[in-house]
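Some notes on the structure that comes next.
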Amino acid sequence: MENESVIDQPTRWDRRCPQCSVEIQEVARRCWNCGADIPAKDFDESEYRASSVEPEAVEGISISLLVALAFVIPLFLLGWAAYAVLSRAMQFLF
């Protein structure tokens, strides 16, 4: 269950509406039966997971993208300038 995603977890009906006492989902903000607002559940830090991706992996991907852009952007600008010069030269030749 440690690697189980939130989507794969079964729906839990362990809370009750304070107005009509019907069972409601854990994440409900409004009762499905009477429409009463449900107070937010206290935050439990033991159930919180910030991300399933390691921070080092995200940092490595970010650095790789920056390095790739550092090469691609100047090449694009150089190609654009070469195209402008060559198209201008072709106008004079023909």
Applied in sequence order to the range 63-75, the curve 6.51 cos²θ - 1.76 cosθ + 1.60 (Karplus, θ = phi - 60°) yields integer Hz couplings, x standing for Gly and Pro, of 5, 4, 5, 5, 5, 4, 5, 4, 8, 6, 5, x, 5
Diffing the range 21-29: the Karplus 3J(HN,Hα) column from phi (6.51, -1.76, 1.60, θ = phi - 60°), in whole Hz with x for Gly and Pro, holds 6, 7, 5, 10, 5, 4, 9, 5, 10
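Each value in this text was obtained by applying a stated rule to the coordinates, not by laboratory testing. Note that this is a predicted model, so its numbers are computed, not measured.
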